[in-house]
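Just below is one structure, and these are the notes that go with it.
FYI, it's all coordinate maths here, none of it is from the lab. The model shown is predicted, which means the values in this text are computed figures rather than measured ones. Don't worry about glycine lacking a Cβ; one is built from the backbone with ideal geometry, like all the others, and counts go over all protein chains shown.
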Amino acid sequence: MNRNETVDDWLAAYDNPMKPVVEAVREVVLAADPRIGECIKWQAPTFTYKGNIASFFPKAKKHATLMFHKGASIPGTYTYLAGDAQDGRTMNFVSLDDVTTKATELQAVCVAWCDLMDGSGK
């Protein structure tokens, strides 16, 4: 996996009841596709591949939210990818069980982004 030490450091200092959920989502995303990397942008972990895929909203205490910056352009139909903004979409996770429930779709969204960026998205 393309783990980044700055994200490890950020998580070590992250004081939030949703920390285990954020860590679990991170593992799911990084395991989705070897093309995916991570960094800290906008003071939060951000997943990247040929651009920004998604960033966490780190201040929420009742859920972990990933903002897919260009989620509206990701090909496919996804039950858990929410929103109607021109570009962005979000996926929320309220517990570790919720991460497990949504993991397959989350990985599909991430792979679809990578494929889109490589010109092979449908």
Quiz item: Which residues, counting only those in region 32-47, are crowded, with 20+ Cβ neighbours inside 10 Å and free of Cβ contacts under 8 Å to residues at least 24 places away in the same chain?
Solution: Thr46
Exercise. May I ask you to verify whether Phe93 is closer than 21 Å to Asn2 by Cα, of a type outside the set (Val, Ile, Thr), touching a residue at least 24 places away in the same chain (Cβ under 8 Å) and buried (at least 18 other Cβ atoms within 10 Å of the Cβ)?
Key: no
Quiz item: Within region 12-31, can you find the residues that are under 24 Å from Leu116 (Cα atoms), of a type outside the set (D, E, K, R) and surrounded by 21 or more Cβ atoms within 10 Å (Cβ to Cβ)?
Solution: Val25, Val29
Exercise. For region 84-100, name all the residues that are in a helix (DSSP H, G or I) and touching a Ser or Thr at 6+ places or on another chain (Cβ under 9 Å).
Key: none
Quiz item: Going by the structure shown, is Ala108 within 26 Å of Pro20 (Cβ to Cβ), exposed (fewer than 15 other Cβ atoms within 10 Å of the Cβ) and under 12 Å from the mean Cα position of the chain (by Cα)?
Solution: no
